[in-house]
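Accompanying notes for the structure given below.
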């Protein structure tokens, strides 16, 4: 399942969100989430960042690609591919979202 994360710097600070749902509820992470069917990586990063923070970004380049695989030794239960993008801050002030 493909997912994106947005790395956004502004005035020497990085934009983070505190997760409201599992996995990792209560932990700090980059804004992001699962891509919608037919959505590009860049569009997903813009959408997720706006939904989660109220901030508009412009993706610049891929920063990293990571695999998260839940394998119990016999079968794979889930497999996420996370693509983190370095993004430019465009506009907006961060506000917390409900998720």
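Stretching residue 97 away from residue 22 to a fully extended chain increases their span by 25.5 nm, per 0.36 nm per residue minus the current alpha-carbon distance. Hey, rough spin-label estimate for residue 68 and residue 10, points 7 angstrom out along Cα→Cβ, what's it come to in nanometres? Placing both labels 7 Å beyond Cα along the Cβ direction yields 2.4 nm. Ordered by the count of other Cβ atoms within 10 Å of each Cβ, fewest first, 19, 27 give 27, 19. FRET efficiency for the residue 77 to residue 29 pair, using the beta carbon distance and R₀ = 22 Å, is estimated at 0.55. Between rounded, prolate and oblate, where does the range 2-91 land on the alpha carbon gyration tensor, with a ≥ b ≥ c its root eigenvalues, rounded for a/c under 1.5, else prolate if a/b exceeds b/c? Note, shape of the range 2-91 comes out prolate.
DSSP beta bridges fully contained in the range 2-91 are about 70 percent antiparallel. In the elastic network of the chain, a GNM with C-alpha springs shorter than 10 Å, the most mobile of 12, 73, 32 is 73.
FYI, it's all coordinate maths here, none of it is from the lab. Keep in mind it's a predicted model, so treat the numbers as computed, not measured. Cβ atoms come from the backbone with ideal geometry, glycine included; neighbour counts cover every protein chain shown.
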